[in-house]
Structure formats: C-alpha cells, structure tokens
1. Every residue in segment 59-92 that is open to solvent by less than 70 Å² (accessible area, probe 1.4 Å) and either among the β-branched types (Val, Ile, Thr) or farther than 29 Å from His24 by Cα (or both), please.
2. Which residue, of His78, His24, is over 20 Å from Pro119 (Cα atoms) and modelled with pLDDT of 95 or more?
3. Of the residues Tyr13, Tyr40, which is in a loop (DSSP other than H, G, I, E, B) and among the aromatic types (Phe, Trp, Tyr)?
4. Restrict the check to segment 115-124 and report whether at least one residue is touching a Pro at 6+ places or on another chain (Cβ under 6 Å), more than 17 Å from Met32 (Cα to Cα) and modelled with pLDDT under 95.
5. Would you please name the residue that is most open to solvent (accessible area, probe 1.4 Å), looking only at residues in segment 20-57 that are of a type in the set (Lys, Arg) and in contact (Cβ under 8 Å) with a residue 60 or more places away in the chain?
6. Just to verify a result, which residue in segment 56-74, among those that are assigned to a helix (DSSP H, G or I) and hydroxyl-bearing (Ser, Thr, Tyr), is nearest to Ser120 (Cα to Cα)?
7. Among the residues in segment 84-97, are any among the aliphatic types (A, V, I, L, M) and farther than 20 Å from Gly8 by Cβ?
8. Which of the residues belonging to segment 82-103 are out of contact with any helix residue (DSSP H, G or I) (no Cβ under 6 Å at 6 or more places or on another chain) and assigned to a helix (DSSP H, G or I)?
Amino acid sequence: MQYVAPIGIGILYALLMSLVREPHRRRLNAVMVAGAGAAYLSGGGLGGWEFAFTALLTYVAFRGLESWTWIGVGWLLHTVWDVVHHIKGNPIIPFAHTSSLGCAICDPVIALWCLRGGPSLVEWVRNRHGSGRTGPGAASGEDPGRDEAGRGGTAGAASPTLG
C-alpha cells in the first residue's frame, strides 16, 4: 500500500486539477510546483542546498506560468529532491519516515500528466465513456456552445469545471 497509495494520490491530484479551466489550471500548477520547492525548507536537512533548490524550483515555476513542460520538469526535479531526502533520512513529514519516498512515487505521476499538457481528465473520461451528447460537435468532442477560447453560452453552463 505504501507504493500504491502515492500513485493514487497523483491521479487524484490530476483529477482535481482537471476541474480548473485553462489557463488557470496551468498557472495554479505552476504555483503548486513552486510551493513544493519550499516543502523541505523548514527541515533544513540539506543545509544551504535547501535554499538553492527552492530558488531553482521558483525559477522553474515562473517559467511554468506559460509552459506545462516546465511544470513537469519541476515535478521531476522535486522527485530527485524527495529521493535525496529519503536516502539521507530527512522526510518531508518529520513523523512519517517514508513520506519522502511516497512523494517520490507521487510526483512523477503528476509530472507525466503535466508533460502531456495537463489535459482535463474529466473531459477524457467523458469522451472515452461517451457523454450521451448528440448533434454538432458530439463526435469530435467539441462543445457547440463554446468558442475557440472555451468561453460560451448555456451549453457549458452545467460543466463541473472551475475558473
């Protein structure tokens, strides 16, 4: 379970983030990866290197404001940091010895989703299992009530996405 739960958490993270519409989804994920960069800072397990890593991930997150690839790279960098902390014995949650290992398993799941462009998993599931829609755009997955930027009238009003 120690190895399976972090995968589920990564998938759950992507599912929950799928409820946020673009471009807010990308920007929120950039903020999340910046926060992850500072997660070990208070533990100080690697001394001054904690500050250097936080600065690096802050830069990567800034680039991620406009690029899913940078966000994915940020999560992969955090994976490496998790492994180092797990080996050194400074877990991300001080009272949970294997918490950094769990984070190192979860982060690549999130990174893969980001490197794919952070697609809406909610829409993917809908399209895969059929939403029951008929009419123009149903076969292509288009929402006929929305324009190219995803804005629109009543056709998307019942959508569970935020933003």
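The values are calculated or read from the model by the stated rules, or taken from the named source; none is laboratory data. Predicted, not measured: the structure shown is a model, and the values here were computed from it. Cβ placement follows ideal geometry from the backbone for every residue including glycine, while neighbour counts extend to all protein chains displayed. Calculation scope for accessible area: heavy atoms of the full protein, side chains included, ligands and nucleic acids excluded. Shrake-Rupley method; radii C 1.70, N 1.55, O 1.52, S 1.80 Å.
1. Going residue by residue through segment 59-92, those that are open to solvent by less than 70 Å² (accessible area, probe 1.4 Å) are 60-61, 64-65, 67-68, 71-75, 77-79, 81-86, 89-92.
Those that are open to solvent by less than 70 Å² (accessible area, probe 1.4 Å) and either among the β-branched types (Val, Ile, Thr) or farther than 29 Å from His24 by Cα (or both): Val60, Ile71, Val73, Thr79, Val83, Val84, His85, His86, Gly89, Asn90, Pro91, Ile92.
2. Values: His24 fails: over 20 Å from Pro119 (Cα atoms).
After applying the criteria, what remains is His78.
3. Details: Tyr13 fails: in a loop (DSSP other than H, G, I, E, B).
Every option except Tyr40 fails the conditions.
4. As a first pass, look at segment 115-124 and keep what is touching a Pro at 6+ places or on another chain (Cβ under 6 Å): none.
Scanning segment 115-124 turns up no residue that is touching a Pro at 6+ places or on another chain (Cβ under 6 Å), more than 17 Å from Met32 (Cα to Cα) and modelled with pLDDT under 95.
5. Filtering segment 20-57 down to residues of a type in the set (Lys, Arg) leaves 21, 25-27.
From what is left, the residues that are in contact (Cβ under 8 Å) with a residue 60 or more places away in the chain are 21, 25-26.
On the way: Arg21: 71, Arg25: 18, Arg26: 35 Å².
Ranking the candidates gives Arg21 first.
6. Kept after step one, since they are assigned to a helix (DSSP H, G or I), are these residues of segment 56-74: 56-64, 68-74.
Going one step further and asking which of them are hydroxyl-bearing (Ser, Thr, Tyr), we end up with 58-59, 69.
On the way: Thr58: 25, Tyr59: 25, Thr69: 16 Å.
The extreme case among them is Thr69.
7. If we filter segment 84-97 for residues that are among the aliphatic types (A, V, I, L, M), which is where we start, we get 84, 87, 92-93, 96.
Filter again for farther than 20 Å from Gly8 by Cβ, leaving 84, 87.
Yes; the residues of segment 84-97 include at least one that is among the aliphatic types (A, V, I, L, M) and farther than 20 Å from Gly8 by Cβ.
8. Residues of segment 82-103 out of contact with any helix residue (DSSP H, G or I) (no Cβ under 6 Å at 6 or more places or on another chain): 84, 87-90, 94-99.
Of everything in segment 82-103, those that are out of contact with any helix residue (DSSP H, G or I) (no Cβ under 6 Å at 6 or more places or on another chain) and assigned to a helix (DSSP H, G or I) turn out to be Val84, Ile87, Lys88, Ser99.
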